[in-house]
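Chemist: Dropping the structure in here first, questions after.
The values are calculated or read from the model by the stated rules, or taken from the named source; none is laboratory data. All values derive from a computational prediction rather than experimental measurement. Here the Cβ positions follow ideal geometry from the backbone for every residue, glycine too, while neighbour counts run over all protein chains shown.
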Amino acid sequence: MVTEDEAMRRAVALAARGLGTTSPNPVVGCILLGPGGEVVGEGFHAYAGGPHAEIVALAQAGERARGGTCVVTLEPCNHTGRTGPCSDALIHAGVRRVVIAVDDPTPVAAGGAATLRAAGIEVATGVRRAEAELGNVAWLTAVRRGRPYVTWKFAATLDGRSAAADGTSQWISSAESRADVHVLRSTVDAIVAGVGTVVADDPQLTVRDLRDGTLAIKQPLRVVADSSGRTPAAARVRDAAAPTWIVTSAEVGTGPDGRVDLSALLGALFGRGVRNVLLEGGPTLAGAFLAAGLVDRVIGYVAPKLLGAGRAALVDAGIGTIADAIELDFTEITQIGGDLRFTATPRPKPAPSDHPVTRPADGNEDF
Ligand code: AOF
Ligand code: ZN
């Protein structure tokens, strides 16, 4: 016997197993309870085009779903897309009650709850909504905004530096933090870096198991913001380990600062099915994303080291005075290895500033 609330907690956890492989679709988890409240089936959505979570769970439950309850993290779909409508499948299976965490915000798929009710099925919504929304935050934000959800990730010393005075920057954070970054990369559809970082560090930008170096089965798209096409022919981002898109201004347009138009870049990524982006630097590209209001979440790995000199983790976010500082709220603080990892979200901007700051031409072009 499992309560509906407990089943929803389990459904949210199941849904998370699809993170990184379902885009452009959401992550969804589903638990089916038999008439006596026992679990008779469970499923999650694993990849776009594959069966929806409800269908996986129904297939497991078979006849045992009749007279039972479907507990699902997202409103069952009402449309025939890559697969048939889950609302109909639930009706045909003879489910008595459906418990939903989050309503489907897409006009195409929404309407499942109404269809179920019209068929005489009891529908409850909003159970563990906040938790389920958090689990699907990238997809929900992306479909609402029409651009991918952007997480800026950086590693820095306690004094906010990402390189020493001589430019050396490897292993600022601990091995545990670096392994954690690979877990983070495995949950996104694309990793974005500026050409300055590609030239300076020659990163591979792939998801690897740090213990043995093996590559993950699914690799995010590697995206290099490279206004004037300076990515070296031998750069590791061009290897065959993952797909790569080197984006020039000629291809997506030029932004107000004379470099790749970042809004247009995100729009193009959305068009390619990307819903979840990890922005990995460098500091100038991160500054431009922040200045444009295009960062939804910041994850920082802060190492207990001091440098006192060297490149800042963030360069020029268009802020000239303290009143214009980008304010964030911490949503999580964890210790990883010897480092501190924080997650923070920018506060919505109040009224536009009375003191607009124009970006100085600083010759710091890194994208
Ligand atoms: C999923 N998996 O478990 C549920 C979804 O492209 P389609 O035809 O598979 O439809 C995708 C839409 O269906 C998706 O955007 C969402 O609105 C709805 N529900 N989708 O991929 C699932 N339950
Ligand atoms: Zn469906």
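Chemist: Where residues in region 113-132 are surrounded by 15 or more Cβ atoms within 10 Å (Cβ to Cβ) and either free of Cβ contacts under 8 Å to residues at least 12 places away in the same chain or basic (Lys, Arg) (or both), which of them is farthest from Gly68 (Cα to Cα)?
Modeler: The selected residue is Arg129.
Chemist: Restricting attention to region 76-112, which residues are at pLDDT 95 or above, within 10 Å of ligand 2 (Cβ to nearest atom) and farther than 18 Å from Ala57 by Cα?
Modeler: Listed by number, the list holds a single entry, Asp104.
Chemist: Quick check on region 51-75: of everything there that is among the acidic types (Asp, Glu) and crowded, with 19+ Cβ neighbours inside 10 Å, which residue is farthest from ligand 2 (Cβ to nearest atom)?
Modeler: Glu75
Chemist: Report those strands (runs of 3 or more DSSP E) wholly inside region 1-101 carrying at least 3 residues which are within 10 Å of ligand 1 (Cβ to nearest atom).
Modeler: In region 1-101, the matching strands (runs of 3 or more DSSP E) lie at 69-74.
Chemist: Identify, from the list Gly282, Gly308, the residue that is at pLDDT below 95 and either touching an Asp or Glu at 6+ places or on another chain (Cβ under 8 Å) or buried (at least 22 other Cβ atoms within 10 Å of the Cβ) (or both).
Modeler: Exactly one of Gly282, Gly308 is at pLDDT below 95 and either touching an Asp or Glu at 6+ places or on another chain (Cβ under 8 Å) or buried (at least 22 other Cβ atoms within 10 Å of the Cβ) (or both), namely Gly282.
Chemist: Still on this structure: So, in region 201-228, how many residues would count as being polar (S, T, N, Q), under 18 Å from Leu19 (Cβ atoms) and touching a Ser or Thr at 6+ places or on another chain (Cβ under 9 Å)?
Modeler: 1
Chemist: Confirm whether Thr206 is hydroxyl-bearing (Ser, Thr, Tyr), outside any loop (DSSP other than H, G, I, E, B), closer than 22 Å to Lys153 by Cα and out of contact with any helix residue (DSSP H, G or I) (no Cβ under 7 Å at 6 or more places or on another chain).
Modeler: no
Chemist: Could you tell me whether region 98-112 includes any residue that is in the same structural domain as Ala13 (by TED's automatic domain parsing), more than 24 Å from Leu134 (Cα to Cα) and without any contact (Cβ under 8 Å) to a residue 40 or more places away in the chain?
Modeler: No, the conditions are met nowhere in region 98-112.
Chemist: If I filter region 214-240 down to residues being modelled with pLDDT under 95 and of a type in the set (A, V, I, L, M), which single residue comes out as surrounded by the most Cβ atoms within 10 Å (Cβ to Cβ)?
Modeler: So the residue we want is Ala216.
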